[in-house]
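Colleague: One structure, as C-alpha cells, below. Some questions next.
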Amino acid sequence: GSGAVEGVIIPTQVNYVAMGGRMYQPGERVGGSTSVVTNFLKTGYLWDKVRVMGGAYGAGFSLNARLGTFAFSSYRDPNVKATIENYKKAADYLINAEIPKQEVERAIIGTISGLDYPQTPNGKGQTSFSRYFTGYTTEDAQRWRDEVLGTSAEDFKQFGLRLKKALETEGVVGVCAFGSNTALTNAKEEGLEMELKEAFAK
C-alpha cells in the first residue's frame, strides 16, 4: 500500500487531506465511464462519508484521463485519519456495492450535463485550441460521450478493482495532510504513520 503520510503543520483550525497516485499506466486508454464513476464518488460516497458524516466542508475525487492519475481531497476537514481511511475504503465500496440502476443513471446525467452545454465563442476557441494541440479529435469526444452514456454497474466494479490495485501497490500512492499541530499529532497518536514538518519553519 501507501507509504508514510506527509503531515504539514499550518496555522489553521481545519485540515486539508489529499491522497493520490497512478491508476493507469502510460499509454493505457482511460474510458468515458470513468468520468461517471468519478462523479458518483464525489456526489455520493465522499459526500456521505467525508462531508455529511465526517463534517468536512468539501470532498472531491478526480481522475486525469490524459495522465491516468487520481486524487482524493478534502477541504476544511475536522478529521485526518478517518478521512484517509474513507479514501482507502472507496475501492471496496465500488467493488461490493450493488449500485441501483437509478443511481447509475443519475451519475450518467450528472456527467453528461458537464459535457453538453452551450459554449461562448471564447469557450469554443479554447476547446478547439486544446484539441488541436493534444490531438483530441471530434471522434474521440463522441467515443467518450458514448462510453459515458453506456456506463453500467459493472464499470463501477471494474473501476473499484483498478483503484484497489493502485492502493495496494507499493510506492504508487502518496498522502499529504495540511493541518494544525494538534490535529496532525492526534492522528499520529491514533496510529497513523506520518512524517511531520512545519510549513513555515523559521
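The values are calculated or read from the model by the stated rules, or taken from the named source; none is laboratory data. This is a predicted model, so every value here is computed, not measured. Don't worry about glycine lacking a Cβ; one is built from the backbone with ideal geometry, like all the others, and counts go over all protein chains shown. For the accessible areas, the whole protein counts, side chains as well, though only heavy atoms, and no ligand, DNA or RNA atoms are used. Shrake-Rupley method; radii C 1.70, N 1.55, O 1.52, S 1.80 Å.
Colleague: Looking only at the range 71-90, count every residue that is crowded, with 20+ Cβ neighbours inside 10 Å and in a strand (DSSP E or B) and tell me the total.
Modeller: 4
Colleague: Just to be sure I understand, how many residues within the range 128-152 are open to solvent by 80 Å² or more (accessible area, probe 1.4 Å), of a type in the set (S, T, N, Q) and over 30 Å from residue 100 (Cα atoms)?
Modeller: Residues meeting the conditions: 1.
Colleague: So is residue 107 of a type outside the set (D, E, K, R) and more than 27 Å from residue 181 (Cα to Cα) or not? Before you say what the answer is, go through the steps one by one.
Modeller: Values: of a type outside the set (D, E, K, R): yes; more than 27 Å from residue 181 (Cα to Cα): yes.
So residue 107 passes the test.
Colleague: So, one more: Do we have residue 150 as among the small types (Gly, Ala, Ser), over 30 Å from residue 82 (Cα atoms) and touching a residue at least 12 places away in the same chain (Cβ under 8 Å) here?
Modeller: yes
Colleague: Across the range 95-127, what is the total count of residues that are under 19 Å from residue 150 (Cβ atoms), at pLDDT 90 or above and surrounded by 10 or more Cβ atoms within 10 Å (Cβ to Cβ)? I'd like the intermediate steps shown before the answer.
Modeller: Taking the range 95-127 and keeping what is under 19 Å from residue 150 (Cβ atoms), we get 99-116.
Right, trim to at pLDDT 90 or above and you get 99-112.
Now narrow it down to the ones that are surrounded by 10 or more Cβ atoms within 10 Å (Cβ to Cβ): 99-100, 103-112.
Looking only at that region, the number is 12.
So that you can scan it fast, the table gives a plain yes or no per residue for (1) open to solvent by 60 Å² or more (accessible area, probe 1.4 Å); (2) in a strand (DSSP E or B); (3) touching a residue at least 60 places away in the same chain (Cβ under 8 Å):
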position	(1), (2), (3)
27	yes, no, no
40	no, no, yes
51	yes, no, no
60	no, yes, no
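Colleague: Looking at the range 89-119, which of the residues that are among the β-branched types (Val, Ile, Thr) and in contact with a helix residue (DSSP H, G or I) (Cβ under 7 Å, 6 or more places away or on another chain) is nearest to residue 164 (Cα to Cα)? Reasoning before the result, please.
Modeller: The first filter runs over the range 89-119 and keeps only residues among the β-branched types (Val, Ile, Thr), leaving 95, 99, 104, 108-109, 111-112.
Filter once more, keeping what is in contact with a helix residue (DSSP H, G or I) (Cβ under 7 Å, 6 or more places away or on another chain): 95, 99, 104, 108, 111-112.
Values: 95: 9, 99: 18, 104: 20, 108: 23, 111: 23, 112: 26 Å.
In this case the residue turns out to be 95.
Colleague: Further, regarding this structure: When you look at residue 36, is it in contact (Cβ under 8 Å) with a residue 60 or more places away in the chain, open to solvent by less than 20 Å² (accessible area, probe 1.4 Å), β-branched (Val, Ile, Thr) and over 20 Å from residue 165 (Cα atoms), yes or no?
Modeller: no
Colleague: For the range 25-59, give me each residue that is out of contact with any Ser or Thr (no Cβ under 8 Å at 6 or more places or on another chain) and of a type in the set (Ser, Thr, Tyr).
Modeller: Within the range 25-59, 34, 43, 45, 57 qualify.
Colleague: Mind checking which residues of the range 1-25 are open to solvent by 40 Å² or more (accessible area, probe 1.4 Å) and part of a loop (DSSP other than H, G, I, E, B)?
Modeller: So in the range 1-25, the residues open to solvent by 40 Å² or more (accessible area, probe 1.4 Å) come out as 3-4, 6, 11, 13, 16, 18, 22, 25.
The answer is 3, 4, 11, 13, 25.
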